[in-house]
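One structure is given here, and the rest of the page talks about it.
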Amino acid sequence: MSISSRHAELMTAFGIDVRGDRSVHSPIDGTELARVAFDDAAAVDRKIGAAADAFKSWRTVPAPRRGELVRLFGEELRAGKDALGRLVTVECGKILEEGRGEVQEMIDICDFAVGLSRQLYGLTIASERPGHRMMETWHPAGPVAVISAFNFPVAVWAWNAMLALVCGDSVIWKPSEKTPLTALAVQALFERAVAKFGAAPPALSQIVLGDRACGEQLARDARIPVVSATGSTAMGRALAPAVAKRFGRAILELGGNNAMIVCPSARLDLAERAILFAAVGTAGQRCTTLRRLFVHESVAEKLVDRLTAHYARLAIGDPLEKGTLIGPLIDRAGFDGMERALARAAEEGGRVFGGGRVLADRYPDAWYARPALVRMPRQTALVCEETFAPILYVMTWTDFDAVLAEHNAVPQGLSSSIFTRDLEEAERFLAAAGSDCGIANVNIGPSGAEIGGAFGGEKETGGGRESGSDAWKAYMRRQTTTVNYTNELPLAQGIAFDV
Ligand code: UN1
């Protein structure tokens, strides 16, 4: 049975129109799942216009009422968790457990956003003028574009869109061209919530399907004040100037090159589990994937031996099958990138364990790779690059200051972690001169963040923050107001201006 007929009922369940001209393939076995139609530039333009219209009425709906729509959507997600989680697995190849986890992440951000819809706090500020009140109010910003990547095809949209919706913004979503079906399924669930809600403006949240040109069109369009983009650093480098040129706001979540420092006092059993989940989970295709491991010399042999034993028997295979821990890479380009990196690692003095294609007989049109563990003599130029594949570079250290410097000596700054039971080491890692990343964890790995915290990172990761904490502020415009309730008109700074 071909996978397309195996999963036809998923397409039907979400009412996905499969009759376009662009093929969508499952990375599980390469067969065609559906065909979708891309939006041309004129269609994208019309959708932006519709989003601008939707914004005009949505911004006047009280925020707690906007939260009610998000609450209803959260209920649709709960009801559809299994089916959507399965579609995530089928379309992007992550294991079912993680596909369902991704939908859970959407549900979590819905709950967060519902609570937020009764907050969106401003400030009152002391005025220097008598009889004056100063305050700060957060207003809806406008249509928000969300450009998302294949590896988290639905959750990352939800982090952005749920905040944007309660903030009073409309949303235009350009999913990765590799994963349009999950986006269409989410849209179907969203429309069910809209139908129950009753009074949402049409085009409140829309999808545009397209490639790079479509993303660039969104970036250029001044009707979209906020563009949130997740993907490679190269993508961000191309997109951000287009947004900046028209003074839009870009929220960027780009490459990561996340590390872990393992100290002599670390609980190695916990470190081992954290390393495995973070390095080989999602087949190394998370922006938070662990890519650099710095192990103290005194525990290096022991830990690396244990890891090597695990790497030798990792369950690689069909991500829909129970027991599989590592599914396929998204496509051939992903696999080729991994091969190239491993060849270079060997040239730069690395000892490579693992790597290479597996299951090619069973899945000639899919790209399963054995995760690789690479002992590097030092942090070479290659190690400073992000290769979006399951490659873990292992290096040893003896001096804490030196390893901290090495840790920070890469262009990316997303996530980081330390395993230690030494309070000083932990605190130094978290201090101003410690990890320079947006996320810094102690005794857990760098991936698998909860939605309650702000998510994002520094340097080439792009500086954006999404999801929890006060990330919502990026989806609103700030207004400072001073009100005079007297019969005088004193000027600030005591300026006399008598006319
Ligand atoms: C991503 O890979 O783009 O922290 C997002 C994590 C997930 C999100 C990853 N919650 O690993």
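Only one of these is within 15 Å of the ligand (Cβ to nearest atom), among the hydroxyl-bearing types (Ser, Thr, Tyr) and touching a helix residue (DSSP H, G or I) at 6+ places or on another chain (Cβ under 6 Å): SER170, SER148, SER176, SER205. Name it. Talk me through it step by step, then tell me what you get.
Numbers: SER170 fails: within 15 Å of the ligand (Cβ to nearest atom); SER176 fails: touching a helix residue (DSSP H, G or I) at 6+ places or on another chain (Cβ under 6 Å); SER205 fails: within 15 Å of the ligand (Cβ to nearest atom).
Among SER170, SER148, SER176, SER205, only SER148 is within 15 Å of the ligand (Cβ to nearest atom), among the hydroxyl-bearing types (Ser, Thr, Tyr) and touching a helix residue (DSSP H, G or I) at 6+ places or on another chain (Cβ under 6 Å).
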Among (1) crowded, with 23+ Cβ neighbours inside 10 Å; (2) in contact with a Phe, Trp or Tyr (Cβ under 8 Å, 6 or more places away or on another chain); (3) outside any loop (DSSP other than H, G, I, E, B), where does GLY168 come up short? (3)
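In region 325-344, how many residues are touching a helix residue (DSSP H, G or I) at 6+ places or on another chain (Cβ under 6 Å) and assigned to a helix (DSSP H, G or I)? Quick ask: steps written out before the conclusion?
To start, the set of residues in region 325-344 that are touching a helix residue (DSSP H, G or I) at 6+ places or on another chain (Cβ under 6 Å) comprises 326-327, 329, 344.
From what is left, the residues that are assigned to a helix (DSSP H, G or I) are 344.
Result for region 325-344: 1.
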Quickly run through region 93-105 and pick out the residues that are more than 11 Å from the ligand (Cβ to nearest atom) and within 17 Å of the chain's Cα centre (by Cα). GLY93, GLY99, ARG100, VAL103
Positions within region 233-261 being farther than 20 Å from LEU382 by Cα and touching a residue at least 40 places away in the same chain (Cβ under 8 Å), in sequence order: GLY236, LEU239, ALA240, ARG249, ALA250, ILE251, LEU252, GLU253
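For every residue, the table says whether it meets (1) in contact (Cβ under 8 Å) with a residue 24 or more places away in the chain; (2) surrounded by fewer than 24 Cβ atoms within 10 Å (Cβ to Cβ); (3) touching a helix residue (DSSP H, G or I) at 6+ places or on another chain (Cβ under 8 Å).
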| residue | (1), (2), (3) |
| --- | --- |
| LEU72 | yes, yes, yes |
| ALA79 | no, yes, no |
| MET106 | yes, no, yes |
| ILE109 | yes, no, yes |
The residue from ALA37, ALA52, ALA83, ALA13 that alone is open to solvent by less than 50 Å² (accessible area, probe 1.4 Å), touching a residue at least 60 places away in the same chain (Cβ under 8 Å) and touching a Gly at 6+ places or on another chain (Cβ under 9 Å) is ALA52
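Of all residues in region 271-290 being charged (D, E, K, R) and over 16 Å from GLY101 (Cα atoms), which is nearest to the ligand (Cβ to nearest atom)? Spell out the reasoning first.
Here is the first cut: in region 271-290, the ones charged (D, E, K, R) are 272-273, 286.
Imposing the further condition that a residue be over 16 Å from GLY101 (Cα atoms) reduces the set to 272-273.
Details: GLU272: 19, ARG273: 16 Å.
Only one residue tops the list, namely ARG273.
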Region 407-421 residues that are within 15 Å of the ligand (Cβ to nearest atom) and assigned to a loop (DSSP other than H, G, I, E, B), paired with ones that are open to solvent by less than 10 Å² (accessible area, probe 1.4 Å) and not polar (S, T, N, Q) (beta carbon under 6 Å, 6 or more apart): LEU414/GLY256; LEU414/GLY457
Out of GLY350, GLY337, GLY317, GLY327, I need the residue that is touching a residue at least 40 places away in the same chain (Cβ under 8 Å), within 16 Å of the ligand (Cβ to nearest atom) and not aromatic (Phe, Trp, Tyr). Which one? GLY327
Please verify whether region 424-433 includes one or more residues that are within 15 Å of the ligand (Cβ to nearest atom), crowded, with 19+ Cβ neighbours inside 10 Å and either over 16 Å from the mean Cα position of the chain (by Cα) or in a loop (DSSP other than H, G, I, E, B) (or both). no
Determine which single condition THR233 fails, assuming it passes every other condition in (1) more than 19 Å from ALA158 (Cβ to Cβ); (2) over 18 Å from the mean Cα position of the chain (by Cα); (3) among the β-branched types (Val, Ile, Thr). (2)
Checking the structure you have, find out if any residue of region 320-333 is touching a Leu at 6+ places or on another chain (Cβ under 7 Å), open to solvent by 30 Å² or more (accessible area, probe 1.4 Å) and within 19 Å of ALA366 (Cα to Cα). yes
Among residues of region 230-289 being part of a loop (DSSP other than H, G, I, E, B) and of a type in the set (A, V, I, L, M, F, W, C), the residue most open to solvent (accessible area, probe 1.4 Å) is PHE247
Members of region 23-32 found to be buried (at least 21 other Cβ atoms within 10 Å of the Cβ) and either small (Gly, Ala, Ser) or modelled with pLDDT under 95 (or both), listed by number: SER26
All but one of (1) over 25 Å from ALA266 (Cβ atoms); (2) part of a strand (DSSP E or B) hold for LYS322; state the number of the condition that does not hold. (2)
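Among what's in region 363-375 and is part of a loop (DSSP other than H, G, I, E, B) and in contact with a Phe, Trp or Tyr (Cβ under 9 Å, 6 or more places away or on another chain), pick the residue that is least open to solvent (accessible area, probe 1.4 Å).
Just the residues of region 363-375 that are part of a loop (DSSP other than H, G, I, E, B), to begin with: 363-366, 370-371.
From the residues that got through so far, the ones that are in contact with a Phe, Trp or Tyr (Cβ under 9 Å, 6 or more places away or on another chain) too are 370-371.
Numbers: ARG370: 77, PRO371: 1 Å².
Among those that are part of a loop (DSSP other than H, G, I, E, B) and in contact with a Phe, Trp or Tyr (Cβ under 9 Å, 6 or more places away or on another chain), it is PRO371.
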Tell me, which residue of region 445-464 that is within 11 Å of the ligand (Cβ to nearest atom) and not small (Gly, Ala, Ser) is farthest from ILE109 (Cα to Cα)? THR461
Qualifying residue in region 277-294 (condition: among the small types (Gly, Ala, Ser) and free of Cβ contacts under 8 Å to residues at least 24 places away in the same chain): no
Filter region 376-397 for residues that are in contact with a strand residue (DSSP E or B) (Cβ under 7 Å, 6 or more places away or on another chain) and open to solvent by 50 Å² or more (accessible area, probe 1.4 Å) and give the result. ARG378, GLU386, THR396
Return the residues of region 175-193 that are part of a helix (DSSP H, G or I), touching a strand residue (DSSP E or B) at 6+ places or on another chain (Cβ under 8 Å) and open to solvent by 10 Å² or more (accessible area, probe 1.4 Å); say none if nothing qualifies. LEU184, GLN187
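The values are calculated or read from the model by the stated rules, or taken from the named source; none is laboratory data. These figures come from a predicted structure and were not determined experimentally. With ideal geometry, Cβ positions are generated from the backbone for all residues, glycine too; neighbour counts draw on all protein chains shown. These accessible areas exclude ligands, DNA and RNA; they are computed on the full protein's heavy atoms, side chains included. Shrake-Rupley method; radii C 1.70, N 1.55, O 1.52, S 1.80 Å.
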